[in-house]
Amino acid sequence: MADRWLIGQNVPWNAYWTAEDSYEVRNCRWASGMLAMWSPHKPGEGRPIFATPHMVRQRRSVAEYRCTVCGERTDWTDRWWFRLGSTDVPGWALVTTESPVHRACADLATKVCPHLRALGEGPVRFDHPDAVLRAIVGGAATDRDFGVQIAARNVIGHLKFAWRRTPASMQKGT
């Protein structure tokens, strides 16, 4: 069964795998050396969990503009996304944990991902963000869900791209 899962073909590079199901708090170079949630790097081992990105790979994909499908860096001339984000973060028009993808990877993802097909729209150009935000995790839910004791420490979960004004790709008519 495992040989049917191919990273970059039918499983995104940043997908979380069941073999990576343990957590610690460590300093993370992708979060400017700050404390962050960490789990082992074992892509391809176990089963992929499609709706859950691996936290370290997610931070790396945002920090380095890596394609979430293949894991390679995107060039500014080939950055696309699927308009997935939140508009309810005070002070920001839009934030997203989604990194850009190459156009060819976006086309592949649209074919193999039921969630992206259900969106009913294809990828659009990825506008340069105004900032990269650090999502702080903590509290009883984090301690319970990850099995770590964060206490009062500031610990990074995911990184997020943020725009002060609605990106052009989100404007009506684009």
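The values are calculated or read from the model by the stated rules, or taken from the named source; none is laboratory data. Since the model is a prediction, treat every value here as computed from it, not as a measurement. Quick reminder, even Gly has a Cβ in these numbers, built from the backbone with ideal geometry, and neighbours come from all protein chains shown.
Descriptive notes on the structure:
- Those residues of the range 136-154 which are surrounded by 15 or more Cβ atoms within 10 Å (Cβ to Cβ) and within 22 Å of Ala15 (Cβ to Cβ), in sequence order: Val137, Thr142, Phe146, Val148
- Residue in the range 37-58 that is among the hydrophobic types (A, V, I, L, M, F, W, C), surrounded by 15 or more Cβ atoms within 10 Å (Cβ to Cβ) and assigned to a loop (DSSP other than H, G, I, E, B) present: no
- As a summary of the residue check, Val95 satisfies the conditions (1) without any contact (Cβ under 8 Å) to a residue 60 or more places away in the chain; (2) in contact with a Phe, Trp or Tyr (Cβ under 9 Å, 6 or more places away or on another chain); (3) not polar (S, T, N, Q) except for the one numbered (1).
- None of Gly122, Gly91 is more than 24 Å from Ile49 (Cβ to Cβ) and either touching a helix residue (DSSP H, G or I) at 6+ places or on another chain (Cβ under 7 Å) or modelled with pLDDT of 95 or more (or both) except Gly122.
- For Arg59, the conditions (1) in contact with a Phe, Trp or Tyr (Cβ under 7 Å, 6 or more places away or on another chain); (2) free of Cβ contacts under 8 Å to residues at least 60 places away in the same chain; (3) of a type in the set (Lys, Arg) are fulfilled apart from (2).
- Per the conditions (1) among the hydrophobic types (A, V, I, L, M, F, W, C); (2) in a loop (DSSP other than H, G, I, E, B); (3) buried (at least 18 other Cβ atoms within 10 Å of the Cβ); (4) without any contact (Cβ under 8 Å) to a residue 40 or more places away in the chain, the sole criterion not satisfied by Val69 is (4).
- Of the criteria (1) more than 25 Å from Val148 (Cβ to Cβ); (2) crowded, with 21+ Cβ neighbours inside 10 Å, which one Trp17 fails: (1)
- Some residue of the range 79-86 being surrounded by fewer than 16 Cβ atoms within 10 Å (Cβ to Cβ), at pLDDT below 95 and over 17 Å from the mean Cα position of the chain (by Cα): no
- All strands (runs of 3 or more DSSP E) inside the range 88-174 with 2 or more residues being under 17 Å from Thr68 (Cα atoms): 94-96, 155-163
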